[in-house]
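Beneath this line is the structure, given in structure tokens, with notes to follow.
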Amino acid sequence: MADERRVPIVSDDDMVTARAEGRALAAHLGFSRTDATLVATAISEIARNIVVHAHDGEIVLTPVYGDSRYGLVVVARDRGPGIPDVEAAMQDGYGSSNGLGLGLPGARRLMDELHVESEVGRGTTVTMKKWRDRDELERLRERRSDSR
Amino acid sequence: MSVPILKQGDYLIASIQSALTDSEVLKLRDDLADRVGNFRSRGIVIDVTAVDVIDSFVARSLQTIASTAKLRGAETVLVGIQPDVAVAMVQFELSLDPLLTALDLEEGIAALRRSTGGVDEDGR
Ligand SMILES: Nc1ncnc2c1ncn2[C@@H]1O[C@H](COP(=O)(O)OP(=O)(O)OP(=O)(O)O)[C@@H](O)[C@H]1O
Ligand SMILES: [Mg+2]
């Protein structure tokens, strides 16, 4: 079973690495190609926010193996300037500097869950989750192979 | 990796070969702006078949390419958006206006011919 993966985010090359790692973990967890692309696209936005707004940070990808569902958890952490008004930042069009403010609200629409924790002067942590329901057949097959 | 840009008659064809970093996307934007002027091109086809993520930055850069080209009299058509990438763009609510889109290279060139009234190297 795959364990967590850590990707340091410093440059735009690292964004491509984080995307690829997210895609690989999604495939490992049995997500569809489309869901893997939704996850990779959300990772791309959040990783870019680290590079652009916080300079550097890291992305940690963790699998969750539940009985009824599998999950992919993305945690993006930085010690950058933080976000003064998180609720406003989650709205379309709240962009500072060059952005249009589409990244965070877009990532929220792509994932099942997105949560931002931020403290001005201390940094930002974005946690995103995507779930895949496991059907009865899949669980049955697993029990059979376990008992063998 | 930089994106090769081929000249075919009145048109430029840029085929992205792999996942691009943000700086490679910006380089493509600048290279296309230069070449549209140098070659007096009437249209640009950007082939994104190999692109696995179109996020807000890529979409915005593609829009800039199209708007810049339009100011210089050229249309831009995007071809080869993969089905999963299309779903992601819809769910993201990303728009590509004023880019034209078409299924593949052939359809893309046909779309350019219709919108620019141009002829390609075969004189069609
Ligand atoms: N990691 C971060 N550190 C500090 N501020 C952040 C971080 N992520 C987001 N922000 C703040 O939240 C705002 C909204 O982020 P969002 O990604 O939605 O838009 P953007 O990055 O400005 O533009 P876009 O993503 O469309 O290019 C940013 O403008 C920035 O002020
Ligand atoms: Mg952003």
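Each row is one residue, and each column tells you yes or no for (1) within 23 Å of residue B:58 (Cβ to Cβ); (2) acidic (Asp, Glu); (3) modelled with pLDDT of 95 or more; (4) within 14 Å of ligand 2 (Cβ to nearest atom).
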site: A:75; (1), (2), (3), (4): no, no, yes, no
site: A:93; (1), (2), (3), (4): yes, no, no, yes
site: A:96; (1), (2), (3), (4): yes, no, no, yes
site: A:111; (1), (2), (3), (4): yes, no, yes, no
site: A:115; (1), (2), (3), (4): no, no, yes, no
site: A:120; (1), (2), (3), (4): no, no, yes, no
site: A:126; (1), (2), (3), (4): yes, no, yes, yes
For this session: Could you figure out which of (1) crowded, with 19+ Cβ neighbours inside 10 Å; (2) away from ligand 2 (no atom under 16 Å from the Cβ) isn't true of residue A:107?
Result: (2)
For this session: Give me the pairs, please: first residue somewhere in the range A:12-31 and farther than 15 Å from residue A:57 by Cβ and more than 8 Å from chain B (Cβ to nearest Cβ), second residue anywhere and of a type in the set (Ser, Thr, Tyr) and part of a helix (DSSP H, G or I), beta-carbon distance under 9 Å, and either six or more positions apart or on two chains.
Result: A:22/A:44; A:26/A:37
Exercise. Does residue B:52 qualify as being within 14 Å of chain A (Cβ to nearest Cβ), modelled with pLDDT of 95 or more and within 16 Å of residue A:37 (Cβ to Cβ)?
Worked result: yes
For this session: Of the numbered conditions (1) at pLDDT 95 or above; (2) of a type outside the set (A, V, I, L, M, F, W, C); (3) farther than 23 Å from residue B:52 by Cα, residue A:33 fails exactly one; give the number of that condition.
Result: (3)
Problem set entry | Out of B:31, B:84, sole residue that is surrounded by fewer than 21 Cβ atoms within 10 Å (Cβ to Cβ), part of a helix (DSSP H, G or I), touching a helix residue (DSSP H, G or I) at 6+ places or on another chain (Cβ under 7 Å) and among the acidic types (Asp, Glu) | B:84
Exercise. Quick check: anything in the range B:55-72 in contact with a Ser or Thr (Cβ under 6 Å, 6 or more places away or on another chain) and within 16 Å of ligand 2 (Cβ to nearest atom)?
Worked result: yes
Exercise. Which residue out of A:56, A:12 is more than 8 Å from ligand 1 (Cβ to nearest atom), surrounded by fewer than 17 Cβ atoms within 10 Å (Cβ to Cβ) and more than 25 Å from residue A:131 (Cβ to Cβ)?
Worked result: A:56
For this session: Please find, within the range A:32-56, the residue that is farthest from the chain's Cα centre (by Cα) out of those that are more than 10 Å from chain B (Cβ to nearest Cβ) and assigned to a loop (DSSP other than H, G, I, E, B).
Result: A:55
For this session: Sort out which residues of the range A:124-139 are in a strand (DSSP E or B) and farther than 12 Å from residue A:86 by Cα, and write them in order of number.
Result: A:127, A:128, A:129, A:130, A:131, A:132, A:133
Exercise. Within the group A:93, A:101, A:82, A:106, which residue is assigned to a loop (DSSP other than H, G, I, E, B), within 22 Å of residue A:7 (Cβ to Cβ) and near ligand 1 (Cβ under 9 Å from one of its atoms)?
Worked result: A:82
Exercise. Within the range A:59-74, is there a residue that is of a type outside the set (A, V, I, L, M) and either near ligand 1 (Cβ under 7 Å from one of its atoms) or more than 23 Å from residue A:26 (Cα to Cα) (or both)?
Worked result: no
For this session: Can you tell me which residue among B:47, B:55 is within 16 Å of ligand 1 (Cβ to nearest atom) and buried (at least 17 other Cβ atoms within 10 Å of the Cβ)?
Result: B:55
Exercise. Name the pairs: first residue in the range A:36-55 and over 14 Å from residue A:74 (Cα atoms) and touching a residue at least 60 places away in the same chain (Cβ under 8 Å), second residue more than 9 Å from ligand 1 (Cβ to nearest atom) and not in a helix (DSSP H, G or I), Cβ to Cβ under 8 Å, at least 6 apart or on different chains?
Worked result: A:54/A:79
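The values are calculated or read from the model by the stated rules, or taken from the named source; none is laboratory data. What you are looking at is a predicted structure, and each value in this text was computed from that prediction instead of being measured. Reconstructed Cβ throughout: ideal geometry from the backbone, glycine too, with neighbour counts over all protein chains shown.
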